[in-house]
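Note sheet for the following structure.
The values are calculated or read from the model by the stated rules, or taken from the named source; none is laboratory data. Small disclaimer: the values here were computed from a predicted structure and weren't measured. Virtual Cβ from ideal backbone geometry, glycine too; neighbours counted across all protein chains shown. Note: accessible area is taken over every heavy atom of the protein model, side chains too, but ligands, DNA and RNA are not part of it. Shrake-Rupley method; radii C 1.70, N 1.55, O 1.52, S 1.80 Å.
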Amino acid sequence: MQKNSKKNNNSRVANIELNSVDTEKEKHKSQNDFVELLPLEIIFKIFSQLDIRSLCRASVTCKSWNHTIRNSDSLWKPHCMTVRAVCRREIDDDLESGYSWRVILLRNYQKSKVKHEWLSGRYSNICSPISLPEKIMYPMDADTWGEILEAELER
């Protein structure tokens with residue numbers, strides 16, 4: 001009989017220890033995820049300080065960060081407005097089509113980098129297609145190529 005009660009006590013102790021370990025894990029998890037602890041205004045203020053690359057990296061940190069960043073257009077809009085300096089027509093067209101700021105940025109970020117390089121004259125002295133840096137090229141529409149050609153003709 002004592003063996004049986006001793007077994008019950010051991011299993012109760014083990015249960016309590018397991019439960020306390022689970023509680024500690026949850027407590028530790030919550031303490032590490034400020035997104036769950038802080039008010040949304042503070043979270044947005046913190047994430048809004050990140051550049052595009054850091055914001056994208058933060059969004060793959062964990063599910064709660066991904067959800068917060070992915071669904072917050074206010075975090076993507078300032079970066080999109082920076083891209084708009086180079087790709088005004090493209091950004092405005094995407095806005096009219098109803099895309100979110102995040103999607104607009106995804107659609108136009110790489111294009112804006114390449115277009116900026118072309119418009120700034122980086123490729124003005126290229127003698128042949130072989131001289132073009134293949135890895136950074138991005139497909140662009142006829143209107144964009146027209147803008148680039150006009151800039152080249154003005155040089």
How far apart, in nanometres, would the label points at Ala142 and Arg70 be if each is projected 7 angstrom from Cα along the Cα-to-Cβ direction? 3.8
Using each residue's phi in region 69-75, evaluate 6.51 cos²θ - 1.76 cosθ + 1.60 at θ = phi - 60° and report the 3J(HN,Hα) Karplus result to the nearest Hz, with x for Gly and Pro. 6, 4, 9, 10, 4, 5, 7
Accessible area of Cys87, 1.4 Å probe, to the nearest 10 Å²? 0
What figure in square angstrom, to the nearest 10, would you give for the accessible area of Cys62 with a 1.4 Å probe? 50
State which entries of Lys77/Lys111; Lys63/Lys113; Lys45/Lys115 exceed 25 angstrom in Cα-Cα distance in the structure shown. Lys63/Lys113; Lys45/Lys115
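Using a 1.4 angstrom probe on the protein heavy atoms only, could you order Leu37, Leu119 from most to least accessible area? Write down the numbers at each step before the final one.
Details: Leu37 105, Leu119 55 Å².
So, going from the largest accessible area down, we get Leu37, Leu119.
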